[in-house]
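Okay, structure first, notes after.
The values are calculated or read from the model by the stated rules, or taken from the named source; none is laboratory data. The shown structure was predicted, so the numbers you read here are calculated from the model rather than taken from an experiment. Neighbour counts are summed over all protein chains in view; Cβ atoms, including those assigned to glycine, are modelled from backbone coordinates with ideal geometry. Heavy atoms of the whole protein, side chains included, go into the accessibility calculation; ligands, DNA and RNA do not. Shrake-Rupley method; radii C 1.70, N 1.55, O 1.52, S 1.80 Å.
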Amino acid sequence: MVWEMLLYIYILYSPDWHYRSTMPTFLFLYGAVFAIAHSHVRFGIGFKLHYGMLCLLCIPRMYKYYIHTEDLSAKRLAKLYVGTLFLGSLCWLSDRFLCKKISHWHVNPQGHALWHVLMGFNSYFANTFLMFCRAQQRGWAPRVVHFMGFFPYVKIQKPKAQ
């Protein structure tokens, strides 16, 4: 999860970064140090707070790309990203805080399992939207197309080298 957010930070902030090699080096070292520290000392709530902080760092820049994107399919990806994040969090929180009540129901909605499924889609939609943004940054004429009419992905048309 942390590596994913570090990748998002790179994609979102790298166009404005003046020193090309320092940002990826810093993000890699940051991620490696965090992974080693987390493997030795389980952070628990600290991990969740850290992940939340990384997510919050991405929101302003992701919103900037959202409002500057004219492609409606790309905007739909961003909306699906936010929607699955919200629904997944709602499932996780309800399972976490209402577990004793929910476990007595005839049908258990399995909130934690739904969280995993929704967060998987969440990662996919975020990655696809950020691929679109990165391709736009590089001038590759991206467009969102659908595999089998359902799964969105980004198709790019790189300009011919002069």
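So in region 67-77, with the set limited to residues that are of a type outside the set (S, T, N, Q) and in a helix (DSSP H, G or I), which one is surrounded by the most Cβ atoms within 10 Å (Cβ to Cβ)?
First, the residues of region 67-77 that are of a type outside the set (S, T, N, Q): 67-68, 70-72, 74-77.
Retained after the next criterion (residues that are in a helix (DSSP H, G or I)): 67-68, 72, 74-77.
On the way: Ile67: 9, His68: 9, Leu72: 9, Ala74: 24, Lys75: 17, Arg76: 14, Leu77: 26.
Checked region 67-77; the qualifying residue surrounded by the most Cβ atoms within 10 Å (Cβ to Cβ) is Leu77.
Okay, residues lined up against (1) more than 23 Å from Glu4 (Cβ to Cβ); (2) without any contact (Cβ under 8 Å) to a residue 24 or more places away in the chain; (3) within 17 Å of the chain's Cα centre (by Cα):
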{"site": "Val82", "(1), (2), (3)": "no, yes, yes"}
{"site": "Ile102", "(1), (2), (3)": "yes, yes, no"}
{"site": "His112", "(1), (2), (3)": "no, yes, no"}
{"site": "Trp115", "(1), (2), (3)": "no, no, yes"}
{"site": "Arg138", "(1), (2), (3)": "no, yes, no"}
{"site": "Gly149", "(1), (2), (3)": "yes, yes, no"}
{"site": "Val154", "(1), (2), (3)": "no, no, yes"}
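Of all residues in region 90-109, count the ones that are under 24 Å from Lys48 (Cα atoms) and outside any helix (DSSP H, G or I).
Summing the residues that are under 24 Å from Lys48 (Cα atoms) and outside any helix (DSSP H, G or I) in region 90-109 gives 2.
Of all residues in region 129-150, which are of a type outside the set (D, E, K, R) and either open to solvent by 90 Å² or more (accessible area, probe 1.4 Å) or at positive phi (or both)?
So the first thing to find is which residues in region 129-150 are of a type outside the set (D, E, K, R), and the list is 129-133, 135-137, 139-142, 144-150.
Matches in region 129-150: Met131, Gly139, Ala141, Phe147, Met148, Gly149, Phe150.
Looking only at region 151-162, how many residues end up being open to solvent by 70 Å² or more (accessible area, probe 1.4 Å) and under 19 Å from Leu80 (Cα atoms)?
3
Per-residue answers, yes or no, for (1) crowded, with 16+ Cβ neighbours inside 10 Å; (2) of a type in the set (D, E, K, R):
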| position | (1), (2) |
| --- | --- |
| Gly44 | no, no |
| Cys58 | yes, no |
| Lys79 | no, yes |
| Leu85 | yes, no |
| Gly88 | yes, no |
| Leu98 | no, no |
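Any residue at all in region 44-66 that's assigned by the TED database to the domain that holds Met5, over 30 Å from Phe147 (Cα atoms) and assigned to a loop (DSSP other than H, G, I, E, B)?
The answer is yes; a qualifying residue exists.
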